[in-house]
1. Scan the chain and report its longest stretch carrying no trypsin sites (Lys or Arg not before Pro) that are both in a DSSP loop and have at most 13 other Cβ atoms within 10 Å.
2. What's the local net charge at Asp41, with K and R +1, D and E -1, over the other residues with C-beta under 10 Å away?
3. Around Asp84, under 11 Å between beta carbons, what's the net of Lys plus Arg minus Asp minus Glu among the other residues?
4. Of the beta bridges DSSP finds with both residues in the chain, what % are antiparallel, to the nearest 5?
5. Quick one: longest stretch of the chain between exposed loop GluC sites (Glu not before Pro), exposed meaning at most 15 other C-beta atoms within 10 Å and loop per DSSP?
6. So for the chain, taking the charge dipole from beta-carbon charges (+1 Lys/Arg, -1 Asp/Glu), which of Leu119, Cys86, Thr153 sits furthest toward the positive end?
7. Straight-line reach from Lys46: which lysines fall under 18 Å, measuring Cα to Cα and dropping same-chain residues less than 8 apart?
8. List, in order, the whole-Hz ³J(HN,Hα) value for each residue of segment 9-23 obtained from phi through the Karplus relation with A = 6.51, B = -1.76, C = 1.60 and θ = phi - 60°; use x for Gly and Pro.
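Quick note: the coordinates plus some simple rules give every number you see, no bench work behind them. All values derive from a computational prediction rather than experimental measurement. Please note: Cβ atoms are built from the backbone with ideal geometry, for glycine as well, and neighbour counts cover all protein chains shown.
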Amino acid sequence: MIQKKICMVGAYGAGKTSLVRRFVESMFDERYHTTVGARIDKKVVKVNAASIMMMIGYLAGGDETESTRLSHLRGANGYIIVVDGCRRWTLERGEILREQIVQSFGDLPYAVAMNKSDLRAMWEFESKDMASWENVFITSAKTGDSVESMFKTLAIKML
């Protein structure tokens with residue numbers, strides 16, 4: 001079995017924990033759960049004939065963990081930047097994180113989760129604002145929209 005390490009990055013409250021929980025456990029919880037420290041969840045996915053053990057790591061969001069966040073990415077095969085469509089500043093935060101990751105680790109495979117599509121009426125920006133980004137998925141941890149396809153697409157890119 002092939003093992004691949006993926007890191008979830010993004011601002012606090014963007015939905016990193018909820019997206020991982022939706023992908024790994026097919027669950028969603030309305031209550032906000034602050035991630036304390038680091039977590040790692042695992043799920044095996046089939047891509048063509050290969051079985052891939054995806055080890056998904058994520059940290060608490062926020063600027064105070066910046067040096068920890070970057071060290072957490074060591075050895076990662078790919079990452080997902082999570083932005084909250086309801087909070088424009090999370091897009092700007094994601095852009096900064098992307099620049100820092102490329103500068104520190106090179107051009108790793110990545111995807112962008114433009115999260116909370118179930119709250120589209122409240123969005124502060126649209127997918128066209130992300131035209132310069134690659135691999136953007138309009139996701140909802142609540143409904144599951146595009147969550148599975150985002151992780152599988154990233155798995156294919158990492159092979």
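1. Details: sites that count: Arg31, Arg74.
Result, exposed sites excluded: 75-159.
2. Once positives and negatives cancel, what remains is +3.
3. Numbers: positive: Lys16, Arg87, Arg88, Arg93, Lys116; negative: Glu124.
Combined, the nearby Lys, Arg, Asp and Glu give +4.
4. Working: 10 of 31 bridges.
Roughly 30 percent of the beta bridges in the chain run antiparallel, per DSSP.
5. Details: sites that count: Glu30, Glu124, Glu126, Glu134.
Between the exposed loop sites, the longest stretch runs 31-123.
6. Thr153
7. Partners within reach: Lys4, Lys5, Lys152, Lys157.
8. 10, x, 5, 4, x, 6, x, 4, 4, 5, 5, 5, 4, 4, 5
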